[in-house]
1. If you scan the range 1-31, which residues turn out to be modelled with pLDDT under 70 and acidic (Asp, Glu)?
2. Can you list residue pairs whose Cβ atoms sit under 8 Å apart, with the first residue in the range 353-378 being in the same structural domain as Gly469 (by TED's automatic domain parsing) and assigned to a helix (DSSP H, G or I) and the second being among the hydroxyl-bearing types (Ser, Thr, Tyr) and surrounded by fewer than 19 Cβ atoms within 10 Å (Cβ to Cβ)? Count only pairs 6 or more apart in sequence or on different chains.
3. Limited to the range 32-62, what total is found for residues that are modelled with pLDDT of 70 or more, surrounded by fewer than 24 Cβ atoms within 10 Å (Cβ to Cβ) and in contact with a Ser or Thr (Cβ under 6 Å, 6 or more places away or on another chain)?
4. Return yes when Glu441 is closer than 18 Å to Leu364 by Cβ and without any contact (Cβ under 8 Å) to a residue 24 or more places away in the chain and no when it is not.
5. What helices (runs of 4 or more DSSP H) lie completely within the range 63-144 and have 1 or more residues being touching a Gly at 6+ places or on another chain (Cβ under 9 Å) and modelled with pLDDT of 80 or more?
6. With respect to Ile217, is the statement that it is at pLDDT 85 or above and more than 20 Å from Ala20 (Cα to Cα) true?
7. Between a residue in the range 514-537 that is in contact (Cβ under 8 Å) with a residue 40 or more places away in the chain and acidic (Asp, Glu) and any residue that is surrounded by 13 or more Cβ atoms within 10 Å (Cβ to Cβ) and outside any helix (DSSP H, G or I), which pairs come within a Cβ distance under 6 Å, given they are 6 or more apart or on different chains?
8. When the range 274-299 is examined, which residues are found to be more than 23 Å from Ile210 (Cβ to Cβ), of a type in the set (Ser, Thr, Tyr) and part of a helix (DSSP H, G or I)?
Amino acid sequence: MEDAGIHWFKLIMGLFGGLALFLYGMDLMSSGMKKFAGNKMRSFLATVTNNRLMGLLSGTFVTMIIQSSSATTVMLVSFVQAGLMSVPQTMGVILGADIGTTITAQLVAFKLTDYALLAIASGFAISFFSKQEKYKHLSQAILGFGVLFFGMKIMGDSMIPIRTYEPFINSIAHLQTPILGILAGALFTAVIQSSSAFTGIIIVLAQQNIINLEAGIPLVMGANIGTCITAGIACVGTTREAKRVALSHTLFKIFGVLLIFPFIAQFTELIRYFSHSLDASVARQIAHAHTIFNVSMAFVALPFVNLFAKLVLKILPESTKKIREEEEDRELLPSIRNLDKSLISVPSLAIQLARAEIFQMVKLMEKMVNYVIIPFMKEKIPKDEKYPQISLIQGLKIREEKIDFLEEKIGNYLLKISQQNVTDEESNEVIGLISIMNDIESIADIIDKNIIPLIPKKRSLENDFSFEGREEISMFHIKICKQISRIKFAFQDQDPKKGLKAMNKMEEYLDLESQYRMKHLQRLGQLKKETVKTHEIHMELMDMMKQINVYSGNIGKMINQIAVKTTLDK
């Protein structure tokens, strides 16, 4: 296997072995940084409001830590699908993610291969002698940093013989044609699903003088487009809103590349001129091009995110009747949409995804509580408000089945998180979220097993509730619905004050239920016909709503405890 002095087996072995170490080191470094940063990433994501600049900074920071704009976009898909963020809110974060992913290229462009073994030794030493978890996570990041550069050194040394190999030089020369370079970059990045990794490989090639700046910049541009594939895959089978997030990411990237494409020669010269004053190598010039491109595109696009949002809405408009019916049929089946198994090793982010899924349970519970009173107040049982192809009672049962399904799946996910190296605060939050799920499931069970069976009993009676009794049931139900809405927003905002308010309202509503009970018993003592006939159903219905009130108070209490502990920890 020799050709012109090239030992191909050794070359391929060194190239792929070095690449494996490079990718492993990147993953190790990313994993360590994610664990070390922990709740700081959650804090940054929590700052995402309508402030575009804060969204930009949040996306930059989180992606800088997790070393993947695709992973950040996948998380955004989950948050939008759960209703925790809107599509316009994600756009600033996406632009920031594109900046954050350039940090890896800047690190790799520093030719630190001679110090790779020192970083590996330092990382190992810190891990071996340190007893604190946070320092172990830091050591993992340093160790990964060293492995990454050691992999680079092996790749670089392996490629030395082919720097003068004519067929290889000719094939690389074709990449200087911008369109071919962009297509090649997009294809390779889509295959390995990491623009950071592919950009690192480009920089290694540049450090060995195998490619020049003219070839490197189109490849980097292509990598920016190829990274959208992961987000596209993540949105398959998700809601229309989530698809819009992935589309936004793709549009930003394509828009940026199309904008720069006619001026790519001038952009190359600008980078060369800018880097010449810094005495930068070709590898550093490529890293600078990657960063300058993404920073420039972010600040160009940031003022126009609302226009982008409108464009996305035109491309993916509200569902047509046929699509909506298909989506409704899919929604009738229980499914998990937000839990990413690959993030279990990063408890802070995995917990956030579990929260997003639990929020689905909260919304399902809210619908059940709102709808369950309708059959008691109307002569005819209506169709389900959201799913008109089924009856309201069928809709209630389907939601209860979904809640049972979600409780099991999310519970297993949270238990796996708890088996990781979690902090005391994260452990308490996992326990608290499991408690909240149990209470949600209990409320759904009350409706399914206790209140729904009362509907045929009530409808078989010849008499309705008395006017007073009907008013009391209706008023108490309104209070319970407000309570459920209160805990929904408390959970969504992670607001301890809202959780505390739900706790206090529980006591107030217990007193109100006692007052209504006494009034009903007084009417019963007066042998009022409607009251006598509906007494059993009236009492059971009020008692079930009282139990829902108690469970909602428990949820409010747990939300308060989790939020307060999280705030104190920060």
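1. Within the range 1-31, Glu2, Asp3 meet the criteria.
2. Glu366/Ser485; Met377/Ser474
3. Of the residues in the range 32-62, 1 are modelled with pLDDT of 70 or more, surrounded by fewer than 24 Cβ atoms within 10 Å (Cβ to Cβ) and in contact with a Ser or Thr (Cβ under 6 Å, 6 or more places away or on another chain).
4. Judged against the criteria, Glu441 is not a match.
5. Numbers: elements: 69-81, 87-100, 102-109, 116-129.
Fully inside the range 63-144 and qualifying: 87-100, 116-129.
6. Numbers: at pLDDT 85 or above: yes; more than 20 Å from Ala20 (Cα to Cα): yes.
So Ile217 passes the test.
7. Glu530/Ser466
8. Scanning the range 274-299 gives a single hit, Ser296.
The values are calculated or read from the model by the stated rules, or taken from the named source; none is laboratory data. Bear in mind the structure is a predicted one, so any value in this text is a computation, not a measurement. Neighbour counts run over all protein chains shown; Cβ positions are idealised from the backbone, glycine included.
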